[in-house]
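So the structure is just underneath, and the comments pick up after that.
The values are calculated or read from the model by the stated rules, or taken from the named source; none is laboratory data. Just so it is clear, the structure is predicted and the values come from calculations on it, not from any experiment. Here the Cβ positions follow ideal geometry from the backbone for every residue, glycine too, while neighbour counts run over all protein chains shown. Protein only, heavy atoms only, side chains kept; ligands, DNA and RNA dropped before computing areas. Shrake-Rupley method; radii C 1.70, N 1.55, O 1.52, S 1.80 Å.
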Amino acid sequence: MLGKFFKKPADDMNGRVPPGQTLTTRFPVLTYGPTQHYRPADVVVRISGLAQERSFTWADLLALPQTTLTYDIHCVTHWSKLETTWTGVRATDLLELLQLDPAATHVMQHSVGGYTTNLSLEDFARPENLLAHTFGDQPLDAEHGGPLRMVVPHLYFWKSAKWLTGLEFMDRDQAGFWERNGYHMRGDPFREQRYDDDA
Ligand SMILES: Nc1nc2c(c(=O)[nH]1)N[C@H]1C(S)=C(S)[C@@H](COP(=O)(O)O)O[C@H]1N2
Ligand SMILES: [Mo]
């Protein structure tokens, strides 16, 4: 089933490629349901739950420091893509502007269309995580979550919500869309945490 675009890595590149993954040079689209279409003017990231409520518009986000980072991404459907370059606002830069309730330990990402996915605060607050609007040197395509998506590269890619609309802070871990449907609560690709019964 390995087609033209997928190749098994010759080796794991000294641990760079997680177990059970094959490399692709394409950029597959993985969406449950339709691609959502919304415009930059409609982008609002709403902060809710155990944090002082506030909203970030497109202009607000672009006024924050912008960071460009290159890293590998890993989808639970067994493809990995090396060296993807993204630009956006670091999750840690956003967090500095928020007033979190000290009880907050987890965060739920919300998307246009109702997709959700959960993270621990520790997994969210990593300096490589971006609220990204640019892929390579182009505005992020709608099918990949543009105008704005999360990119959380150390976890399987379902943990990176496309068409981000909200971050809800919580005092316990709650399952998002795929997590309710059998996926792992954390999703570390290097531990192959694909399904909820994986260690
Ligand atoms: N809103 C939303 N975000 C989503 C998804 C989705 O269906 N809806 N799919 C997730 C999954 S399973 C993956 S692998 C990645 C795919 O991102 P891509 O389509 O840019 O490759 O987005 C994640 N974020
Ligand atoms: Mo996925």
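Using only helices, what value at 222 nm comes out for the chain when you add -39,500 (n - 2.57) per DSSP H run of length 4 or more and divide by the total residues, to the nearest 500 deg cm²/dmol? Numbers along the way, then the final one.
Values: 4 runs with 18 residues, N = 199.
So the helix-based figure for the chain works out to -1500 deg cm²/dmol.
Peptides 49-59, 155-165, 177-187: what's the order by average Cβ count within 10 Å, highest mean first?
155-165, 177-187, 49-59
Per 10 Å bin from zero, what fraction in whole % of the C-alpha pairs of the chain is there, up to the bin with the longest pair?
9, 37, 38, 14, 2
Under 5 Å between amide hydrogens, which residues at least 5 positions from V43 or on another chain qualify, with H placed 1.01 Å from N in the peptide plane?
Amide H neighbours of V43, under 5 Å, 5+ apart: W58.
With every protein chain present, what is the per residue accessible area of the chain (1.4 Å probe, Å²)?
Working: 9720 Å² over 199 residues.
Per residue, the chain has 49 Å² of solvent-accessible surface.
In nanometres, what is the gap between the two model label sites at A175 and D198, each 7 Å from Cα along Cα-to-Cβ?
Taking the simple label geometry, A175 and D198 are separated by 1.6 nm.
Taking the Cβ of P127 as the centre, find all other residues whose Cβ is under 15 Å away and add up their charges (Lys, Arg: +1; Asp, Glu: -1).
Working: positive: R90, R126; negative: D93, E96, E122, D123, E128.
Net local charge, P127 excluded: -3.
Rank by packing, highest mean first: peptides 23-32, 91-100, with packing defined as the count of other Cβ atoms within 10 Å averaged across residues. Intermediate results must be reported in sequence, preceding the final value.
Working: 23-32: 13.3, 91-100: 15.4.
Ranking the peptides 23-32, 91-100 by packing returns 91-100, 23-32.
What are the ³J(HN,Hα) values, in whole Hz, obtained from phi via the Karplus relation 6.51 cos²θ - 1.76 cosθ + 1.60 with θ = phi - 60°, for each residue of segment 183-190 in sequence order, with x given for Gly and Pro?
7, 5, 5, 10, x, 7, x, 6
Determine ³J(HN,Hα), in whole Hz, for all residues of segment 52-60 in sequence, where each value follows from phi through the Karplus function 6.51 cos²θ - 1.76 cosθ + 1.60 and θ = phi - 60°; x replaces Gly and Pro.
With coefficients 6.51, -1.76 and 1.60, one gets 4, 5, 7, 10, 10, 7, 4, 5, 4 Hz.
Residue by residue, what Karplus-based ³J(HN,Hα) values in Hz, rounded to whole numbers, does segment 99-107 have, using 6.51, -1.76 and 1.60 with θ = phi - 60° and x for Gly and Pro?
My calculation for segment 99-107 gives 10, 8, 5, x, 6, 5, 10, 9, 9 Hz in order.
Under a GNM of the chain (C-alpha, springs under 10 Å), which listed residue has the highest mean-square fluctuation: P189, P147, P18?
Maximum fluctuation in the GNM of the chain, among the listed residues, is at P18.
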